[in-house]
Amino acid sequence: TGGATSSTDSQGRGGNVEIRGGSSSAGEGGALLLTGGFSDLGTGGDVIVDAGFSGTANTSLEGLIRVAPTRATIVTVGSTEHIVPTEFFGDVTVYGRLTSTPPAGGDLTLTAGDNDDTVNGKGGITRLAGGYSMATSDCDLAFYECGGLNITVAMYEAVLHGCTADADTAASSAFLCGTMEVTAAQRTAVLGGCTQKCLGGAVEVSGGLSSGGVGGAVVVTGGATSSTDSQGRGGNVEIRGGSSSAGEGGALLLTGGFSDLGTGGDVIVDAGFSGTANTSLEGLIRVAPTRATIVTVGSTEHIVPTEFFGDVTVYGRLTSTPPAGGDLTLTAGDNDDTVNGKGGITRLAGGYSMATSDCDLAFYECGGLNITV
């Protein structure tokens, strides 16, 4: 035990307890071993390291526990021969601090264990999960708390589904999110993250902030495979909304980034290509292949021009109840203006040919045969 002090001077500190391994001129320095006691029949002794508390009841004045604050090159828990489950309770913060050579933010890498078993060996899984909320009462599900503001669920969802600057006000003061007018402060609060009574913990992954350059990317990549078996597929990237017992299932929102002065970020969805250069082996993009009842592009409040390049084929597929060929309906927009309102026009036109030379107008090509006019 370090010596106590009765000094009332704030610099009058209790005595340290210092334990150091012995120094060495050429060999390794002496190790420091802290080991709990062995038991023949009972539980081995614990090793407990704890910081000192402050009588002020101010938790910011409690002592710290520091491991390798100056010289260690690596900190290891357990070993390949002795796997040790490691648990943390309370808030856990891990920083990749500034490195000195070269100056750069420290990396933070979480990697599950390798498996060197060449017969049916499986690599470890990395799981990130929000905390489980066990609350079942006093759950106010009509509001979110976002940056100190109470935000209704309707406003929260409207902001997440996208906003445009309200044409009737300054862009910096109000936005139109669907049909709902939202102030800039409310929108910023929602995008900054929200909480709610009885809310399960979120998992938030963000690229790093940049003060003068490009913000850090968030890259999620399925695992590669070096298997030569035709069934050896690359790993999927699967994103699903949460399930629900009575309310709506969780939505899946993909939104490009907002820009104060420049162009908003794109949302790009593309299929994988094949190294065979055979276009029939390139991946497909499928929207609503199994369960969706309707696919909507844009909304009545936000009209979105839609363009398709290349061959476009639209099928009215077989429906199951009752068995029938699916209908194909193209309808121009209605106009509810009762004074001089005009309905939209439906236009179907063949493609424009700009060719002016080498045009053989005496023949048609029909199924591989040249047919005279």
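The values are calculated or read from the model by the stated rules, or taken from the named source; none is laboratory data. Not measured: the values here are computed from a predicted model. Heads up, the Cβs are rebuilt from the backbone with ideal geometry, glycines too, and the neighbour counts pull from every protein chain shown. Accessible surface is based on the protein model in full, side chains and every heavy atom, while ligands, DNA and RNA are left aside. Shrake-Rupley method; radii C 1.70, N 1.55, O 1.52, S 1.80 Å.
If the condition is being open to solvent by less than 90 Å² (accessible area, probe 1.4 Å), modelled with pLDDT of 85 or more and aliphatic (A, V, I, L, M), then the stretch 201-224 contributes Ala217, Val218.
Out of Glu307, Glu282, one residue alone is open to solvent by 100 Å² or more (accessible area, probe 1.4 Å) and without any contact (Cβ under 8 Å) to a residue 24 or more places away in the chain. It is Glu307.
Flag: Leu261 does not match the condition of being closer than 30 Å to Ser206 by Cβ, surrounded by 10 or more Cβ atoms within 10 Å (Cβ to Cβ), at pLDDT below 85 and among the aliphatic types (A, V, I, L, M). Would you confirm, using the coordinates I've provided, whether Gly162 is on the phi > 0 side of the Ramachandran plot, surrounded by 10 or more Cβ atoms within 10 Å (Cβ to Cβ) and not hydroxyl-bearing (Ser, Thr, Tyr)? For Gly162, the condition - on the phi > 0 side of the Ramachandran plot, surrounded by 10 or more Cβ atoms within 10 Å (Cβ to Cβ) and not hydroxyl-bearing (Ser, Thr, Tyr) - is met.
Of all residues in the stretch 112-158, which are closer than 17 Å to Met180 by Cα and touching a Gly at 6+ places or on another chain (Cβ under 7 Å)? Hit for the stretch 112-158 is Ala158, nothing else. Of the residues Ser357, Ser274, Ser299, the single one that is open to solvent by less than 100 Å² (accessible area, probe 1.4 Å) and touching a helix residue (DSSP H, G or I) at 6+ places or on another chain (Cβ under 6 Å) is Ser274. Number of residues in the stretch 191-200 that are within 16 Å of the chain's Cα centre (by Cα) and open to solvent by less than 40 Å² (accessible area, probe 1.4 Å): the value is 2. In this structure, does Ser206 turn out to be in a loop (DSSP other than H, G, I, E, B), touching a helix residue (DSSP H, G or I) at 6+ places or on another chain (Cβ under 6 Å) and farther than 24 Å from Leu141 by Cα? For Ser206, the condition - in a loop (DSSP other than H, G, I, E, B), touching a helix residue (DSSP H, G or I) at 6+ places or on another chain (Cβ under 6 Å) and farther than 24 Å from Leu141 by Cα - is not met. Scan the stretch 1-35 for residues that are under 29 Å from Asp46 (Cα atoms) and surrounded by 10 or more Cβ atoms within 10 Å (Cβ to Cβ) and jot them down. Within the stretch 1-35, Gly2, Arg13, Gly14, Gly15, Gly21, Gly29, Gly30 meet the criteria. Checking each residue of the stretch 145-160 against the condition of being of a type in the set (D, E, K, R) and assigned to a loop (DSSP other than H, G, I, E, B) gives no match. Identify, please: which residue in the stretch 95-105 is in a loop (DSSP other than H, G, I, E, B) and open to solvent by 90 Å² or more (accessible area, probe 1.4 Å) and is, among those, modelled with the lowest pLDDT? Looking at residues that are in a loop (DSSP other than H, G, I, E, B) and open to solvent by 90 Å² or more (accessible area, probe 1.4 Å), I get Thr101. Filter the stretch 36-57 down to residues that are open to solvent by less than 100 Å² (accessible area, probe 1.4 Å) and hydroxyl-bearing (Ser, Thr, Tyr) and give me whichever is nearest to Gly78 (Cα to Cα). My answer is Ser39. Residue pairs whose Cβ atoms lie under 7 Å apart, sitting 6 or more positions apart in sequence or on different chains, and linking a residue in the stretch 130-152 that is in contact (Cβ under 8 Å) with a residue 60 or more places away in the chain to a partner that is aliphatic (A, V, I, L, M) and part of a loop (DSSP other than H, G, I, E, B), are Gly130/Ala202; Gly130/Val203; Ser133/Leu199. Exactly one residue among Thr346, Thr290, Thr313 is of a type in the set (S, T, N, Q), part of a loop (DSSP other than H, G, I, E, B), surrounded by fewer than 10 Cβ atoms within 10 Å (Cβ to Cβ) and at pLDDT 85 or above, and that residue is Thr346. Of the numbered criteria (1) within 30 Å of Ala129 (Cβ to Cβ); (2) at pLDDT 85 or above; (3) among the charged types (D, E, K, R), the one Glu181 fails is (1).
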